[in-house]
Amino acid sequence: MEKVLNIDIRQEQLKAQEEIKSQGLRVLVCAGTGCVANGSLEIIEKFKELGADVSIMTDYDKLTVVPTGCHGFCEQGVLVNIPDMHVTYVKVHLEDVEEIYESHIKNGQPVERLLYTDPATHQKVVKDEDINFYAKQTRTALANCGHINAECIDEAIAVRGYEALANVIAQGNPDAVIDEIEKSGLRGRGGGGFPTGRKWRFTAANRGGKSYVVCNGDEGDPGAFMDRSVMEGDPHKLLEGIAIAAYAIGADEAYIYVRAEYPLAITRLRKAIKDAEERNYLGKNIMGSDFSLDIHIKEGAGAFVCGEETALIASIEGERGMPRPKPPFPANKGLFGRPTLINNVETLANVPVILLKGADWFASMGTETSKGTKTFALTGEVNNTGLIEVPMGTTLREIIFDIGGGVRNGKKFKAVQIGGPSGGCLTEEHLDIPMDYDNLIKAGAMVGSGGLVVMAEDTCIVEVARFFMNFTQHESCGKCVPCREGTKNMLKILEKIVAGKGEMSDIDLLEDLAVAVKDGSLCGLGKTAPNPVLSTLKYFKDEYIAHIKDKKCPAGVCAAMKKIVIQESLCKGCTKCARTCPVGAISGTVKQPHVIDQSKCIKCEACLSNCPFRAIVLE
């Protein structure tokens, strides 16, 4: 039997939608972390200043400037979107605002120089829906990011915020909620891809006593910012997802674990919680029901290992963030010894949409075993970097060359590191495999949190492996020997190889250590730490061999293997290089070709940049 709530969510929506219609022309300015760093707050104030004089408006009697969350197209920030005019301006600076206002808003003439340029056609794109970066995405978790004021609860309600929660509470059937999540095929978006509905059912089996929901917002992968964008751009969707999860498992208390490096996300979450409590969408007796939920924010200190659920629990409890053996699993014994459901931000942000549009709708996207959409942080040597969301099963070729606009400066694609430090390095032969949990694991990588680092032909693969191993080694909590000692010794070998001191036996030792760390480590961080090494050894072993046998870095990146030489035929003996060299490695007489003593050269390249005759080259 349906329960009668004290909030008419449909009436609340209509009221909020009418309020938005009354705002006249809406100018959406990205106020995500990246754009704020580029001056978007000053741009917002300038638009407000100009828009104050409504008498000059023609088609609109009012202009409203809306600070939004991240639009995703971070490469092109600051972004200014005017939906009613179907235009997105890119790389906007404070001095451009008046021109946009006078030329386009007042007189209907787009400012062409601020339009996006397609890297393939080199043509300006007038309509924002024609920008490939956006047109080829399917946004679910990110659907509202960049389109609403993240700090206004009414804007969230206008796009059906809290409607799913109201429906769930009114229906009064927690098991039916879990059934729908299971039917949707949603898997955890934080790394391993464990079926979400199954995890909820495990935890719900302990209904009756005290239990918790924990939202993992501690994304620590270098270059990953998917969860941050949801928390900054659509915090109410996350809160609603948490509330639905809590209702389904019988919890009355929840924690959002956010790294302290996300101050904007924390600020907006705190405001969203306060506003939702004031409206009775959270707190005591939500919407007049017998369901109550308190949500707390716990700021993490930035330890990568705290992304692992048992280490995260320890951190919330005030202990050092270190994993513990499982079982018992958090579903049975988690936070403060009570049953605990842990999902990451993106997973929970999908929940309200699934319940509004139906499990079948969500399951219609993706592949047989990986349903729905996935967000990825697209970075590296690609024209269009930023945050994207695509159906599971989308190929790397579509992401890199269609959405991403191809490799920068016309360079040749070499590889892509997927899944962050815990992922693997894939090559050109993998560009057309459907990207989902199972296919990527077969290829030696993993979806992970969704980091995608594109590498061009001039990237040293061995250095990439060393970089990620350096990261995971420093982030190891040190609790178990395989991870603590294994990653340290793997890093030593990789440093030895890039320094030009490697031996062929190092490759076998590196592989043996990687397998031992993978098999013997306690938690997911250790078990996946060797992935970048194992995948690069599998697909780029020839580069390792070149570093060891030929003492040569094929990409010309590793400093220890660079050789700076003076071309005798071009050297005029001006002595400028000798005077520039800080270690006295260059000798010769005036008007005679000079030479470099390779045993003394520190490869600072000072001579290279100072030679007026371009006689000095890097080999």
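Conditions (1) touching a residue at least 60 places away in the same chain (Cβ under 8 Å); (2) closer than 26 Å to Thr369 by Cβ, marked per residue:
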{"site": "Gln171", "(1), (2)": "yes, no"}
{"site": "Ile178", "(1), (2)": "yes, yes"}
{"site": "Arg198", "(1), (2)": "no, yes"}
{"site": "His236", "(1), (2)": "yes, no"}
{"site": "Pro263", "(1), (2)": "no, no"}
Fill in: Evaluation of Cys215 against (1) more than 21 Å from Arg139 (Cβ to Cβ); (2) modelled with pLDDT of 95 or more; (3) assigned to a strand (DSSP E or B) (one fails), failing number
(1)
Worksheet item: Of all residues in segment 273-293 being at negative phi and under 31 Å from the mean Cα position of the chain (by Cα), which is surrounded by the fewest Cβ atoms within 10 Å (Cβ to Cβ)?
Response: Lys274
Practice prompt. Please note which helices (runs of 4 or more DSSP H) are completely contained in segment 1-100 and include at least 3 residues that are modelled with pLDDT under 95 and farther than 23 Å from Asn144 by Cα.
Written response: 40-51
Practice prompt. Identify, from the list Arg259, Arg270, the residue that is among the basic types (Lys, Arg), closer than 18 Å to Asn216 by Cα, crowded, with 20+ Cβ neighbours inside 10 Å and in contact with a strand residue (DSSP E or B) (Cβ under 9 Å, 6 or more places away or on another chain).
Written response: Arg259
Practice prompt. Please give the strands (runs of 3 or more DSSP E) falling wholly within segment 334-394 in which 3 or more residues are at pLDDT below 95 and not aromatic (Phe, Trp, Tyr).
Written response: 373-380, 386-391
Worksheet item: Looking at segment 548-602, which of its residues are in contact with a helix residue (DSSP H, G or I) (Cβ under 6 Å, 6 or more places away or on another chain) and among the polar types (S, T, N, Q)?
Response: Thr580
Worksheet item: Can you tell me which residues in segment 411-428 are modelled with pLDDT under 90 and part of a helix (DSSP H, G or I)?
Response: Gly420, Pro421, Ser422
Discussion item. Quick check on segment 556-585: of everything there that is within 38 Å of the chain's Cα centre (by Cα) and surrounded by 19 or more Cβ atoms within 10 Å (Cβ to Cβ), which residue is farthest from Ala514 (Cα to Cα)?
Written reply: Met561
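Table: residues versus (1) among the hydrophobic types (A, V, I, L, M, F, W, C); (2) touching a Gly at 6+ places or on another chain (Cβ under 9 Å).
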residue	(1), (2)
Ala349	yes, yes
Lys357	no, no
Phe362	yes, yes
Val416	yes, yes
Ser422	no, yes
Leu440	yes, yes
Gly444	no, yes
Val453	yes, yes
Discussion item. Which residue is surrounded by the fewest Cβ atoms within 10 Å (Cβ to Cβ), if the candidates are limited to segment 294-327 and must be among the acidic types (Asp, Glu) and free of Cβ contacts under 8 Å to residues at least 40 places away in the same chain?
Written reply: Glu319
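Every residue, every condition in (1) within 16 Å of Ile507 (Cα to Cα); (2) in contact (Cβ under 8 Å) with a residue 12 or more places away in the chain; (3) of a type in the set (Lys, Arg); (4) in a loop (DSSP other than H, G, I, E, B), yes or no:
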residue	(1), (2), (3), (4)
Ser535	yes, yes, no, no
Tyr544	yes, yes, no, no
Lys551	yes, yes, yes, yes
Pro554	no, yes, no, yes
Ala560	no, yes, no, no
Glu568	no, yes, no, yes
Practice prompt. Give me a count of the residues in segment 200-233 that are surrounded by fewer than 24 Cβ atoms within 10 Å (Cβ to Cβ) and either under 24 Å from the mean Cα position of the chain (by Cα) or free of Cβ contacts under 8 Å to residues at least 60 places away in the same chain (or both).
Written response: 9
Response to the item:
Selection over segment 474-494 where residues are buried (at least 19 other Cβ atoms within 10 Å of the Cβ) and touching a Lys or Arg at 6+ places or on another chain (Cβ under 6 Å) yields a count of 2
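The values are calculated or read from the model by the stated rules, or taken from the named source; none is laboratory data. All values derive from a computational prediction rather than experimental measurement. Cβ: placed from backbone, ideal geometry, glycine included. Neighbour counts: every protein chain shown.
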